Amino acid sequence: MHEELEIKLRLPPESLGRLGRVSLPGAVAGQRPATQRLRAVYFDTPDLVVRRSGFALRVRREGPRWIQSLKGGGGSAGGLHRRLEWESPVPRSEIDPGLLPQNGPGSVARSRKVRDALGPLFMTDITRRRRMLVFENGDRVEFSLDRGEIRSASAAAPVCEIELELKAGAPLRLYDVARALVRELPVRLEPDSKAERGYRLAGGSLRAPVKADDILLPGESTANDALKGILRACLAHLQANEDGMLEGGDVEYLHQMRVALRRMRSAFSAFNKLLPREVAEPQVREIKWLTSRLGAARDWDVFVTETLSRIPASGPWAASLEGFLAAAKFRQEKAVVLARDAVGSRRYQELLLGIGAWIAAEAWLEALDDEGRARMHQSAREFARAELERRHRKLVKGGEHLAALAPAERHRMRIAAKKLRYAGEFFSSLFPGKPARAYTSALGALQDVLGALNDAATTERLVRDVGGENANTSVVAAAGFAEGWVASETAHRVAHMEEIWEVFLKQKRFWK
């Protein structure tokens, strides 16, 4: 068994001719390129037992040899794939369960029931051209260009990608090479393995919008460990929804990307007393840039698909509302185009690699004195207790006389509730049990109602935008009707906010 560390980059086939002209920083030598054909068959049961365990099982032909591999775990974030791999030679293109590890993921496929149900699901046929890059300090990176396809029984998908695999040295070297490629070629980080793409191809479906996974921090984690784990999870959440957003599918992809960015900003906020401002600020600045590009599109999506859909489109206002909706959809489409341009940009790729490299290098530690480094290496549980208590008290203080708060005050309270909720989700695995789930659930309900009130304030602005730029009198009249409708909904929500607040106040502080 060994751990594989690699970065994958999609490369448009029309840019292959430019690849040889890219200057890779620090590389002092490289083996002559070698070309190899790699054909692999992936196996699973009809109900995908192997995939559900988080692994992939394959037999791959490498020249005259057949190699059986069980590969997975670790995950992918910020471009860096971490996977465990067990390899064994086999005589033919068939799985030998007896060669799988007896414990852990291998045990899933060793049972007779699973073994008898295993069958080929999809295959890959790849021509790999690879060479070893050697650096002055001894780092070694295998640079591979893979071209070919993934095939299932009913479909095929092309592959043209660069794989950078770390053979010796620190992960930061992979980021250095990847960033050089991003600067000179129209490459994009590939968050999925060939196995993950093959499973989707065999299932005939795109990846559904992905919500944030639970963050599981080991009990012995330090604050430093927690920061890295949380940010990696946020990056993975962001990238998991990228393709769906660019392809123009469900608006939920955009929403989840925006949630991932909010969580990332909340993570930086949670650790801001430990992190030197000058070290964290460049990362936060790029996150704010992308948030601003996605935020406008999300506001218009909510306005068109949720808010306007609740307004009765009948009676004397029906024709006017139809014109108003058309004008709003036009603004929505423009905002979505700008958001896709941002996610499709080189700057977005540099953001992902920049934060990934920042995490890998632990850049903040060098900027800290001895006391600061000691605080970063304190128990994550101890740090979380203090941070959660501080944020809880701030929210409770801000919620006094809740119903009487002005919109600006409610907005500040919503931000405080959001940061507390995300901090609670980040650290809840350090305090397992029902109190943590009940607390974050009640806080989620509070955040939802405060978020709905904020959406109402945003809606008032968007209504004025549509009505103010339109000379059509019926559209202007419809804008007034829509604004009145939203104001009525807002009053109804405010009436129920106190009840939701009281439920939250009764929750046990799970970190105490």
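The values are calculated or read from the model by the stated rules, or taken from the named source; none is laboratory data. All values derive from a computational prediction rather than experimental measurement. When we count neighbours, we look across all protein chains shown, and the Cβ atoms used for this are built from the backbone with ideal geometry, even at glycine.
Annotations for the structure displayed:
- The set of residues in segment 157-180 being assigned to a strand (DSSP E or B), out of contact with any Pro (no Cβ under 9 Å at 6 or more places or on another chain) and closer than 21 Å to residue 34 by Cα consists of 159, 161, 162, 163, 164, 165, 166, 167, 168.
- First in segment 440-459 and within 20 Å of residue 488 (Cα to Cα), second anywhere and aromatic (Phe, Trp, Tyr), Cβ under 6 Å, 6 or more apart: 446/504; 459/303
- Test: residue in segment 16-30 that is touching a residue at least 40 places away in the same chain (Cβ under 8 Å), farther than 19 Å from residue 130 by Cβ and hydrophobic (A, V, I, L, M, F, W, C): no
- Selected residue (only one of 213, 243 is under 13 Å from the mean Cα position of the chain (by Cα) and farther than 25 Å from residue 428 by Cα): 243
- The listed residues are 303, 330, and the only one of them that is assigned by TED's automatic domain parsing to the domain that holds residue 255, surrounded by fewer than 18 Cβ atoms within 10 Å (Cβ to Cβ), among the aromatic types (Phe, Trp, Tyr) and not in a loop (DSSP other than H, G, I, E, B) turns out to be 330.
- Checked across segment 259-279, the condition of being part of a helix (DSSP H, G or I) and farther than 27 Å from residue 375 by Cα holds for at least one residue.
- Residue count for segment 168-195 satisfying the condition of being surrounded by fewer than 19 Cβ atoms within 10 Å (Cβ to Cβ), among the charged types (D, E, K, R) and within 30 Å of residue 121 (Cβ to Cβ): 1.
- Of all residues in segment 104-151, those being among the basic types (Lys, Arg) and modelled with pLDDT of 90 or more number 7.
- Residues in segment 123-141 that are of a type in the set (Val, Ile, Thr) and either within 16 Å of residue 62 (Cα to Cα) or touching a Gly at 6+ places or on another chain (Cβ under 6 Å) (or both): 3 in all.
- The single condition from (1) among the charged types (D, E, K, R); (2) modelled with pLDDT under 95; (3) touching a Pro at 6+ places or on another chain (Cβ under 8 Å) that residue 247 fails is (3).
- Restricting segment 409-429 to residues that are aliphatic (A, V, I, L, M) and touching a helix residue (DSSP H, G or I) at 6+ places or on another chain (Cβ under 6 Å), the residue that is farthest from residue 509 (Cα to Cα): 413
- Candidates 50, 59, 41, 90: the one that is closer than 20 Å to residue 123 by Cβ, under 24 Å from the mean Cα position of the chain (by Cα) and among the β-branched types (Val, Ile, Thr) is 50.
- Selection status of residue 357, small (Gly, Ala, Ser), more than 23 Å from residue 267 (Cβ to Cβ) and assigned to a helix (DSSP H, G or I): no
- Within the option set 442, 487, 477, 452, being modelled with pLDDT under 70, surrounded by 14 or more Cβ atoms within 10 Å (Cβ to Cβ) and in the same structural domain as residue 264 (by TED's automatic domain parsing) holds for one residue only, 477.
- Yes/no for residue 154 being part of a loop (DSSP other than H, G, I, E, B), out of contact with any helix residue (DSSP H, G or I) (no Cβ under 8 Å at 6 or more places or on another chain) and either crowded, with 16+ Cβ neighbours inside 10 Å or not assigned by TED's automatic domain parsing to the domain that holds residue 197 (or both): no
- Residue check, residue 400 in a loop (DSSP other than H, G, I, E, B) and either farther than 22 Å from residue 219 by Cα or in contact with a helix residue (DSSP H, G or I) (Cβ under 9 Å, 6 or more places away or on another chain) (or both): yes
- Residue satisfying condition, being at pLDDT below 95, in the same structural domain as residue 80 (by TED's automatic domain parsing), within 30 Å of the chain's Cα centre (by Cα) and not basic (Lys, Arg), within set 11, 16: 16
- Among helices (runs of 4 or more DSSP H) entirely within segment 181-251, having at least 2 residues that are farther than 27 Å from residue 266 by Cβ singles out 194-203.
- In segment 38-53, the count of residues that are hydroxyl-bearing (Ser, Thr, Tyr), in contact with a Pro (Cβ under 9 Å, 6 or more places away or on another chain) and under 30 Å from residue 346 (Cα atoms) is zero.
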